1. I need the full set of residues from segment 269-311 which are surrounded by 24 or more Cβ atoms within 10 Å (Cβ to Cβ), touching a residue at least 60 places away in the same chain (Cβ under 8 Å) and assigned to a loop (DSSP other than H, G, I, E, B), in order please.
2. Of the residues 316, 344, 322, 336, only one is modelled with pLDDT under 95, in a helix (DSSP H, G or I) and more than 16 Å from the chain's Cα centre (by Cα); which?
3. Determine whether residue 150 is without any contact (Cβ under 8 Å) to a residue 40 or more places away in the chain, under 18 Å from residue 84 (Cα atoms) and outside the structural domain of residue 294 (by TED's automatic domain parsing).
4. Go through (1) at pLDDT 95 or above; (2) in a helix (DSSP H, G or I) one by one and return the number of the condition residue 252 breaks.
5. Which residues, counting only those in segment 51-84, are surrounded by 17 or more Cβ atoms within 10 Å (Cβ to Cβ) and free of Cβ contacts under 8 Å to residues at least 12 places away in the same chain?
6. Just to be sure I understand, how many residues within segment 71-88 are part of a helix (DSSP H, G or I) and over 16 Å from the mean Cα position of the chain (by Cα)?
7. How do the pairs read when you match residues in segment 185-210 that are assigned by TED's automatic domain parsing to the domain that holds residue 224 with residues anywhere that are modelled with pLDDT under 95 and in a helix (DSSP H, G or I), using Cβ under 6 Å and keeping only pairs 6 or more apart or on different chains?
8. I need a count of the residues in segment 6-19 that are touching a helix residue (DSSP H, G or I) at 6+ places or on another chain (Cβ under 7 Å) and either over 13 Å from residue 110 (Cβ atoms) or crowded, with 22+ Cβ neighbours inside 10 Å (or both).
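The values are calculated or read from the model by the stated rules, or taken from the named source; none is laboratory data. Model, not experiment: these values are computed from the prediction. Heads up, the Cβs are rebuilt from the backbone with ideal geometry, glycines too, and the neighbour counts pull from every protein chain shown.
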């Protein structure tokens, strides 16, 4: 089939991180379908590959929004399915629902955004506007990337439910061998934002050092808490044990997995937690918060911590390391379930029901 994928989140040459999980869905769908991407972008940029069109939208300008709506209709006109991804895309597409029904173009939407399940993560304005989630009733089918997020979407579907189609988690053919050097090497990937709780991660690092561990933490990601994280590390005298590596695309930090003993990400909640699943497919035990989509890949080597204290997370890190599970035992269950092929098959089942 010909699929028109419309999204407000997608990587570019300039930013290879934004919406990379949407790109992975597109690559999975292209195993079975002809997929063309319309990226409704917030700013200028260069498309990162073929088969996509980038249109810059100023959401404060009605004329720009009208151009965007026209572009979505044009994309849908030649497609068997219009597939949108991310809540902001559904919101932009909502005015076209009557036209899509008249044209008999099925609309499928995939949800990723934490603001749907936890409105406080979208800021005070979104908390007041969270009723706009009712637009999720409009598509013919909606999928979410985890059971946690699907449970939040379902009440807005007016009885039509929400399927779980997970994120693709790229995996190496075999996970790297366990590290054999001295010390305890922690690794994390995530924005330096309150929801990821990097300050707590620093406190966990300090707790481990206080217990006599020669621990270090390397963190990939940037965000508004950077200075607070550095200040907390200095106050706890672990600043020389902390490396903030900044915002990097996955290929740029691929070598970090082999150098890590334990992945640590004490998020307050996650819609899926791609980074935690990536740790698992690289054979690294993962210590994560307990609320959210990470429950979908809980298994060998995945430690979920409900008690949000440094001591509880430090206990879990030490347990994870002491288990000494073979990397393949950690990787195999996650690799099979979240492969591109498995995700493509799951989307195909959703599409089949629309016929």
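1. 271, 272, 282, 283, 284 - these are the residues of segment 269-311 that are surrounded by 24 or more Cβ atoms within 10 Å (Cβ to Cβ), touching a residue at least 60 places away in the same chain (Cβ under 8 Å) and assigned to a loop (DSSP other than H, G, I, E, B).
2. 336
3. Working: without any contact (Cβ under 8 Å) to a residue 40 or more places away in the chain: yes; under 18 Å from residue 84 (Cα atoms): yes; outside the structural domain of residue 294 (by TED's automatic domain parsing): yes.
For residue 150, the condition - without any contact (Cβ under 8 Å) to a residue 40 or more places away in the chain, under 18 Å from residue 84 (Cα atoms) and outside the structural domain of residue 294 (by TED's automatic domain parsing) - is met.
4. (1)
5. Scanning segment 51-84 gives no hits.
6. If we filter segment 71-88 for residues that are part of a helix (DSSP H, G or I), which is where we start, we get 71-77, 87-88.
Next, from what is left, pick out any that are over 16 Å from the mean Cα position of the chain (by Cα): 71-77.
The qualifying residues number 7.
7. 195/121
8. Residues that pass the stated criteria total 5.
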